[in-house]
Amino acid sequence: GNSEMATDASDDEKVSLMGRISSAIASQTVDRIKAEGSKVAEMITKGPMSLTAMCLLGGLLTTLSGFFGMLNLLSPLDILPSAYNFVFGLLMIFLEVHHKIGYLGFLYRKIEYWMRILTTLTGRSLFYFYVGSLFLSRWTFFSILLGMYMCTCGVFSLAVGHATAKKMEDSQMELTDMESGFAYAIHC
């Protein structure tokens, strides 16, 4: 009789201890996945530094091309597309460095509200590809080079955006699996 009660108490203590250990491990793992997820989320919106530099250069070249195109009064039909390129270039520069320019946060919030797609790396990649295709349609040597460069920025941004979104999705699925497994372990 007493040995059975001791065994039952010992089993209850083991189950309680296993539950506490499982809870601690799950909590640490969830914290690790959440931290990884925030890094991936940051990567989705910002991208790696080398890609940022590449796209920043593209924005600068697009801005300069638009500026000098607007000054070319010998070709009045190019003034409007050049003005668009100037604005698009400024937008590209801002999107790549907005986190470093705190006092322009209100502008980023407007972009986030009205053009939310541009606040993700994948959305910006489509924008870069669009601007690149506009340059490719102009058939001048510089425009073709800049168009190919911007399309390359778009392709690289799309690849990085897709890869980081996949990482985020995998982390979320792992977290969901762990939470459901942990909930099952508690109820058993």
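Between residue 139 and residue 77, full extension at 0.36 nm per residue minus the direct alpha carbon distance yields a gain of 20.9 nm. Annotation for region 129-181: chymotrypsin sites (Phe, Trp or Tyr not before Pro) lying in DSSP loop with at most 11 further Cβ atoms inside 10 Å of their Cβ are 139.
Packing here is the average count of other Cβ atoms within 10 Å per residue, and on that basis the peptides 168-176, 91-99, highest first, run 91-99, 168-176.
Each of 81, 129, 95 was scored by the projection of its Cα onto the charge dipole of region 50-188, and the greatest displacement toward the positive side belongs to 81; charges sit on the C-beta of Lys, Arg, Asp and Glu.
Laboratory data are not the source of any read-out in this text; all were calculated from the coordinates shown. No experiment lies behind these values; they were computed from the predicted model shown. Reconstructed Cβ throughout: ideal geometry from the backbone, glycine too, with neighbour counts over all protein chains shown.
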